[in-house]
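S.K.: Okay, here's the structure, questions in a sec.
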Amino acid sequence: MKKRAIFLDRDGTLNEDPNYLNHPNQVKLLPGVTQGLALLQKAGFLLIVISNQSGVGRGLIQLSAIPEIHARLDDLLRTAGIRLDDYFLCFHTPHDHCACRKPKPKLLLEAAEKHGISLSESFMIGDKSSDLAAGHAAGCKRVILVRTGEGQETEREIKKHNTKEPGFIADSLQQAAQWILSQESANSSENPHSAQANDKS
């Protein structure tokens, strides 16, 4: 049976975005992140970070700092009993015209192949339009915009340009997680035989 995942943008979604985070001391979790991730992890979702890190390609972030930054993020989450399952990153700048930078779905597709994930049963959460577009392009069940980071500006841009809206707009990752679990609970109630079949597998 294929796994379900929550694909997560990093800066502005999990942690504060100082504009090219380049040192582990800059990692500060956003409100509601640990609560939200704990709910999703308990529900059986894989937690996978999908992040554009063009600061590396621009020479603003040392590649060697990335593992240190993620070790700090992991440590902060570990204190709440949370473990991120994987990181998938693009280090290119927009001018590189690569195949992996969000809004392209390549990183999500690679994560799905590596971990045996059903994209149609998974969710993408982020604060930028590129996060939403990547989730849509990969075939995620729903994409969710959080109003943290650049989320409020993204929400205004979506309404201004009448672009494809996310499945839900949340004030925090905790609210996003609660919405996801309410949707999953509603689906299980509507399809009790399917839920029973899943329990037996």
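The values are calculated or read from the model by the stated rules, or taken from the named source; none is laboratory data. These figures come from a predicted structure and were not determined experimentally. With ideal geometry, Cβ positions are generated from the backbone for all residues, glycine too; neighbour counts draw on all protein chains shown.
S.K.: Select from segment 124-139 the residues that are among the small types (Gly, Ala, Ser) and crowded, with 21+ Cβ neighbours inside 10 Å and list them in ascending order.
M.R.: The initial filter retains those residues of segment 124-139 that are among the small types (Gly, Ala, Ser), namely 126, 129-130, 133-135, 137-139.
126, 129, 134, 135, 138 - these are the residues of segment 124-139 that are among the small types (Gly, Ala, Ser) and crowded, with 21+ Cβ neighbours inside 10 Å.
S.K.: May I pose another question? So which of 92, 70 is surrounded by 15 or more Cβ atoms within 10 Å (Cβ to Cβ), in contact with a Cys (Cβ under 7 Å, 6 or more places away or on another chain) and farther than 19 Å from residue 180 by Cβ?
M.R.: On the way: 70 fails: in contact with a Cys (Cβ under 7 Å, 6 or more places away or on another chain).
From the options 92, 70, the qualifying one is 92.
S.K.: Follow-up. Identify, by number, the condition in (1) farther than 27 Å from residue 71 by Cβ; (2) touching a residue at least 12 places away in the same chain (Cβ under 8 Å); (3) among the small types (Gly, Ala, Ser) that residue 188 doesn't meet.
M.R.: Result: residue 188 passes all but (2).
S.K.: Out of all the residues in segment 72-106, which are without any contact (Cβ under 8 Å) to a residue 24 or more places away in the chain and charged (D, E, K, R)?
M.R.: 74, 75, 78, 106 - these are the residues of segment 72-106 that are without any contact (Cβ under 8 Å) to a residue 24 or more places away in the chain and charged (D, E, K, R).
S.K.: Let me ask another. State all residues of segment 1-22 that are assigned to a strand (DSSP E or B) and of a type outside the set (A, V, I, L, M, F, W, C); if no residue qualifies, say none. Before the answer, list the steps.
M.R.: Within segment 1-22, the first condition is being assigned to a strand (DSSP E or B), and the residues that meet it are 3, 5-8, 11, 15.
3, 11, 15, listed by residue number.
S.K.: Which residue is farthest from residue 33 (Cα to Cα), if the candidates are limited to segment 143-169 and must be part of a loop (DSSP other than H, G, I, E, B) and in contact with a helix residue (DSSP H, G or I) (Cβ under 8 Å, 6 or more places away or on another chain)? So that I can check it myself, show each step before the final result.
M.R.: Narrowing segment 143-169 to residues part of a loop (DSSP other than H, G, I, E, B): 147-150, 162-167.
Okay, now just the ones that are also in contact with a helix residue (DSSP H, G or I) (Cβ under 8 Å, 6 or more places away or on another chain), so 147-148, 163-166.
Values: 147: 13, 148: 11, 163: 27, 164: 26, 165: 23, 166: 19 Å.
So the residue we want is 163.
S.K.: Checking residue 63 against (1) loosely packed, with under 14 Cβ neighbours inside 10 Å; (2) assigned to a strand (DSSP E or B); (3) hydrophobic (A, V, I, L, M, F, W, C), which single condition isn't satisfied?
M.R.: The failed condition is (2).
S.K.: I'm trying to understand the selection: among the residues of segment 170-201, which are at pLDDT below 95, outside any loop (DSSP other than H, G, I, E, B) and either of a type in the set (Gly, Ala, Ser) or closer than 14 Å to residue 13 by Cβ (or both)?
M.R.: First, the residues of segment 170-201 that are at pLDDT below 95: 183-201.
Now narrow it down to the ones that are outside any loop (DSSP other than H, G, I, E, B): 183-190, 192-200.
Within segment 170-201, 185, 186, 188, 189, 194, 195, 197 qualify.
S.K.: Now, a different point. Only one residue in 109, 145, 173 is buried (at least 18 other Cβ atoms within 10 Å of the Cβ), touching a residue at least 60 places away in the same chain (Cβ under 8 Å) and within 28 Å of residue 2 (Cβ to Cβ), so which one is that?
M.R.: Numbers: 109 fails: touching a residue at least 60 places away in the same chain (Cβ under 8 Å); 145 fails: touching a residue at least 60 places away in the same chain (Cβ under 8 Å).
Testing whether each residue is buried (at least 18 other Cβ atoms within 10 Å of the Cβ), touching a residue at least 60 places away in the same chain (Cβ under 8 Å) and within 28 Å of residue 2 (Cβ to Cβ) leaves just 173.
S.K.: Something else now. Given the conditions (1) in contact with a His (Cβ under 7 Å, 6 or more places away or on another chain); (2) within 18 Å of residue 46 (Cα to Cα); (3) of a type outside the set (Lys, Arg), report the number of the one that residue 98 does not fulfil.
M.R.: Unmet for residue 98, out of (1) in contact with a His (Cβ under 7 Å, 6 or more places away or on another chain); (2) within 18 Å of residue 46 (Cα to Cα); (3) of a type outside the set (Lys, Arg): (2).
S.K.: I've got another one for you. Regarding segment 130-142, can at least one residue be identified that is in contact (Cβ under 8 Å) with a residue 60 or more places away in the chain and either part of a loop (DSSP other than H, G, I, E, B) or at positive phi (or both)?
M.R.: So far as segment 130-142 goes, yes, one or more of its residues are in contact (Cβ under 8 Å) with a residue 60 or more places away in the chain and either part of a loop (DSSP other than H, G, I, E, B) or at positive phi (or both).
S.K.: Could you please find all residues in segment 17-38 being crowded, with 20+ Cβ neighbours inside 10 Å, closer than 20 Å to residue 85 by Cβ and more than 14 Å from the chain's Cα centre (by Cα)?
M.R.: Matches in segment 17-38: 27 only.
S.K.: Looking at 73, 84, 107, which is the one that is under 22 Å from residue 55 (Cβ atoms) and either of a type in the set (S, T, N, Q) or touching a helix residue (DSSP H, G or I) at 6+ places or on another chain (Cβ under 7 Å) (or both)? First the steps, then the outcome.
M.R.: Numbers: 73 fails: either of a type in the set (S, T, N, Q) or touching a helix residue (DSSP H, G or I) at 6+ places or on another chain (Cβ under 7 Å) (or both); 107 fails: either of a type in the set (S, T, N, Q) or touching a helix residue (DSSP H, G or I) at 6+ places or on another chain (Cβ under 7 Å) (or both).
Going through 73, 84, 107 in turn, just one is under 22 Å from residue 55 (Cβ atoms) and either of a type in the set (S, T, N, Q) or touching a helix residue (DSSP H, G or I) at 6+ places or on another chain (Cβ under 7 Å) (or both): 84.
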